[in-house]
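Undergrad: Dropping the structure in here first, questions after.
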């Protein structure tokens, strides 16, 4: 079992925890682990819409013999009509764990502070640890580990990027980051990565970032809730698109956490190319989260 009791960001796990979760995920995916969560319930709280997060967590609990309850924004009074701490304590009386996909990271922290069951961050504006677990599982599958893989992050220093920086540090993974100057990785995240023993290399030119990379990773430039700055961001990210020209001369695999805004941060041609591993990455949300659920909940 792992040391962590809540996973609000990936560095709530130790390096040993990370290996344990990924090992468990790999065994579950291969059909080599029959641990079940019979009669256990996961409460899933959603302020933000989701395809992969809901489907993967709900399917994981079903396959593990447990049950998942979906609580959307019209089903729950989180922070509106009821304090977050009251929601936390009520749900903890019904469910064995809570997964929350929220806007404000502070709300996830408050849920964890008041719920006496494990709380998993299914995404906040600051972090997306479950995506990072799936990303690392995918890279490990492709390269047999992390020693022989180099990754370039190209684009926005958003919640997915921030968690991936921390996950790369935990895994001791070689990572290069290129973003427009005003859209980089938060200093707090870099300090936390440094405390884990590894920070990314930063370059200004996306072509330099991808030149020697085995994997190139991107995400949307305009995240949910940023629609008012869409045009500003599209201008700022000119030259950061993953397209045939940027990837020319490289045989790097391409990752994207989805949904993709085809024609913005990545072209349709690249998403549909043989170098794309985004569907393996998407499927691995299921297996990585199943591994995490077992490590948090199995007796």
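Undergrad: For residue 181, only one of the following conditions fails: (1) touching a strand residue (DSSP E or B) at 6+ places or on another chain (Cβ under 9 Å); (2) under 17 Å from residue 236 (Cβ atoms). What is its number?
TA: (1)
Undergrad: Looking only at segment 235-260, which residues are at pLDDT below 95 and either under 23 Å from residue 126 (Cβ atoms) or surrounded by 21 or more Cβ atoms within 10 Å (Cβ to Cβ) (or both)?
TA: 236
Undergrad: Still on this model: Could you check how many residues of segment 180-197 are outside any helix (DSSP H, G or I) and closer than 23 Å to residue 220 by Cα? So that I can check it myself, show each step before the final result.
TA: Initially, segment 180-197 is screened for residues outside any helix (DSSP H, G or I), giving 180, 184-186, 197.
Filter again for closer than 23 Å to residue 220 by Cα, leaving 180, 184-186.
So the answer is 4.
Undergrad: Please specify each residue of segment 67-78 satisfying the condition of being over 23 Å from the mean Cα position of the chain (by Cα) and surrounded by 18 or more Cβ atoms within 10 Å (Cβ to Cβ).
TA: 76
Undergrad: Tell me the residue from 218, 267 that is modelled with pLDDT of 95 or more and either loosely packed, with under 12 Cβ neighbours inside 10 Å or within 24 Å of residue 146 (Cβ to Cβ) (or both), please.
TA: Just a single option satisfies the conditions, and that option is 218.
Undergrad: If we scan segment 57-64, do we find a residue that is in contact with a helix residue (DSSP H, G or I) (Cβ under 8 Å, 6 or more places away or on another chain) and assigned to a loop (DSSP other than H, G, I, E, B)?
TA: Yes, that holds for at least one residue.
Undergrad: Of all residues in segment 38-55, count the ones that are assigned to a loop (DSSP other than H, G, I, E, B) and touching a helix residue (DSSP H, G or I) at 6+ places or on another chain (Cβ under 7 Å). Let's see the steps before the verdict.
TA: Keep residues of segment 38-55 that are assigned to a loop (DSSP other than H, G, I, E, B), which gives 38-40, 47-51.
If we keep only those that are touching a helix residue (DSSP H, G or I) at 6+ places or on another chain (Cβ under 7 Å) too, we end up with 40.
Result for segment 38-55: 1.
Undergrad: Please determine whether any residue of segment 113-122 is modelled with pLDDT of 95 or more, in a helix (DSSP H, G or I) and over 19 Å from residue 52 (Cα atoms).
TA: Initially, segment 113-122 is screened for residues modelled with pLDDT of 95 or more, giving 113-122.
With the extra rule that they be in a helix (DSSP H, G or I), the set shrinks to 113-114.
Now drop any that are not over 19 Å from residue 52 (Cα atoms), which leaves 113-114.
Yes, segment 113-122 contains a residue that is modelled with pLDDT of 95 or more, in a helix (DSSP H, G or I) and over 19 Å from residue 52 (Cα atoms).
Undergrad: On to the next question. Which of the numbered conditions does residue 68 fail, given that it passes all the others? Conditions: (1) more than 22 Å from residue 225 (Cβ to Cβ); (2) assigned to a helix (DSSP H, G or I).
TA: (2)
Undergrad: Another question, if that's okay. When you look at residue 98, is it part of a strand (DSSP E or B) and touching a helix residue (DSSP H, G or I) at 6+ places or on another chain (Cβ under 7 Å), yes or no?
TA: Values: part of a strand (DSSP E or B): yes; touching a helix residue (DSSP H, G or I) at 6+ places or on another chain (Cβ under 7 Å): yes.
Yes, satisfied.
Undergrad: Tell me which residues, restricted to segment 128-144, are under 17 Å from residue 213 (Cβ atoms) and surrounded by fewer than 22 Cβ atoms within 10 Å (Cβ to Cβ). Reasoning before the result, please.
TA: Looking only at segment 128-144, we keep the residues that are under 17 Å from residue 213 (Cβ atoms), and these are 135-136, 138-140, 142-143.
If the condition is that a residue be under 17 Å from residue 213 (Cβ atoms) and surrounded by fewer than 22 Cβ atoms within 10 Å (Cβ to Cβ), then 140, 142, 143 are the ones that fit.
Undergrad: Specify which of the listed residues (213, 288) is closer than 26 Å to residue 102 by Cβ, modelled with pLDDT of 95 or more and crowded, with 20+ Cβ neighbours inside 10 Å.
TA: Numbers: 213 fails: closer than 26 Å to residue 102 by Cβ.
When all the criteria are applied, what remains is 288.
The values are calculated or read from the model by the stated rules, or taken from the named source; none is laboratory data. Model, not experiment: these values are computed from the prediction. Backbone-built Cβ (ideal geometry, glycine too); neighbour counts: all protein chains shown.
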